[in-house]
Amino acid sequence: MKIIFLGAPGAGKGTQAEIVSKRLGIPTISTGAIIREAIKAGTEMGALAKKFIEQGALVPDNVVIGIVKDRLAESDCANGFILDGFPRTVPQAEALDKMGITLDKVLSLEVADEVIIDRMSGRRVCPSCGKTYHVTSNPSAKGEDCEACGTKLTVRADDAPEVVRSRLDVYHSTTEPLKDFYQAKGVLATAVGADSIEDTTERTFKALGI
Ligand code: AP5
């Protein structure tokens, strides 16, 4: 299957994408994760993207489209993939169309802004392997260390409350209109993501028909 996860920052796209990826045996492509890796590695693209991410703004379309085009050309995407966090603008969605990709489903995870702001304050991430946790809803079995690799967990720089508010503004003004774009193509599905991770997974599977 070729699936897109849409949704506000912190709606649970990455969490659900990881679960669906395991169930269907297809890779997840997270543009946010690829960009953070580039920043960590100190690449030219990372240096360019850093100032946008820190402000909660979107990285320019041409940069992100290039990243996705290259990644989708890799062999593990041949039988399907999940795009987490791409597209986020109408030009990005049009670029995906131009790549000749036929999507099976675009799943929008619906979560109110107040829930998001509360949720983001509890997110912890592993700076080494990228695994995501939450202090109450999804804690690491190793407390403040990553249960997968043992690295000390950190807070993402763009999870500061003022940056989260900017990211939510960008989501509503620029990314949310993609729901209409994909509704018109007949591939949009929605799932409420405000309850527990398990409840959201159940709704996600149902919405995807898997
Ligand atoms: P990105 O990393 O994609 O961030 P985002 O879309 O803002 O989404 P998040 O990763 O913050 O949240 P999520 O929805 O994956 O939630 P998660 O599962 O982690 O992008 C970062 C930046 O990169 C952007 O701001 C932009 O600058 C740039 N960028 C990326 N893609 C781009 C593009 N296409 N174009 C331009 N720029 C781009 O869950 C959040 C927390 O909640 C976790 O702690 C989790 O454990 C917990 N949780 C999850 N589900 C639940 C639940 N149901 N109940 C309770 N807790 C839950």
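The values are calculated or read from the model by the stated rules, or taken from the named source; none is laboratory data. Just so you know, these numbers come straight off a predicted model, no measurement behind them. No Cβ is skipped: glycine too gets one built from the backbone with ideal geometry, and neighbour counts run over all protein chains shown. Areas reflect the complete protein model, heavy atoms only, side chains present, ligands, DNA and RNA absent. Shrake-Rupley method; radii C 1.70, N 1.55, O 1.52, S 1.80 Å.
Between beta-carbons, use under 14 Å as the cut-off and find the net charge around ALA8, counting Lys and Arg +1, Asp and Glu -1.
That sum, taken over residues with Cβ under 14 Å, equals -2.
Excluding THR204 itself, what net charge comes from residues whose Cβ is under 13 Å from its Cβ, given Lys and Arg +1 and Asp and Glu -1?
Net local charge, THR204 excluded: -1.
Can you bin the range 38-123 into rounded, prolate or oblate? Criterion: square roots of the alpha carbon gyration tensor eigenvalues sorted a ≥ b ≥ c, rounded for a/c under 1.5, prolate for a/b above b/c, oblate for the rest.
Note, shape of the range 38-123 comes out oblate.
What is the percent of Cα-Cα separations in the range 72-185 that go past 25 Å?
41
Can you tell me the mean projection area, over all orientations, of the convex hull of the range 128-182's alpha carbons? Units nm², please.
Quarter of the Cα hull surface area: 5.4 nm².
Out of all Cα-Cα pairs in the range 110-157, roughly what percent, to the nearest whole number, are more than 19 Å apart?
So the portion of pairs separated by more than 19 Å is 25 percent.
Hey, what's the range 1-96 come to in accessible area per residue, 1.4 Å probe, Å²?
Working: 4220 Å² over 96 residues.
Solvent-accessible surface per residue comes out at 44 Å².
Rounded to the nearest percent, how much of the accessible area of the range 1-45 (1.4 Å probe, protein heavy atoms only) is carbon and sulfur? Show your work: numbers first, answer last.
Values: 1020 of 1890 Å².
For the range 1-45, the apolar C and S fraction of the accessible surface comes to 54 percent.
Answer rounded, prolate or oblate for the chain, using the Cα gyration tensor with square roots of eigenvalues a ≥ b ≥ c: rounded when a/c is under 1.5, else prolate when a/b is larger than b/c, else oblate.
Note, shape of the chain comes out rounded.
Just list whichever of LYS50/LYS98; LYS69/LYS98; LYS105/LYS131; LYS2/LYS185 have alpha carbons separated by over 18 Å in the model shown.
The pairs that break the limit, which is 18 Å between Cα atoms, are LYS50/LYS98; LYS105/LYS131.
Using +1 on the beta carbon of Lys and Arg, -1 on that of Asp and Glu, and nothing else charged, what's the dipole of the chain about the Cα centre, debye to 20?
Details: 26 positive and 29 negative charges, 72 e Å.
That gives the chain a dipole magnitude of about 340 debye.
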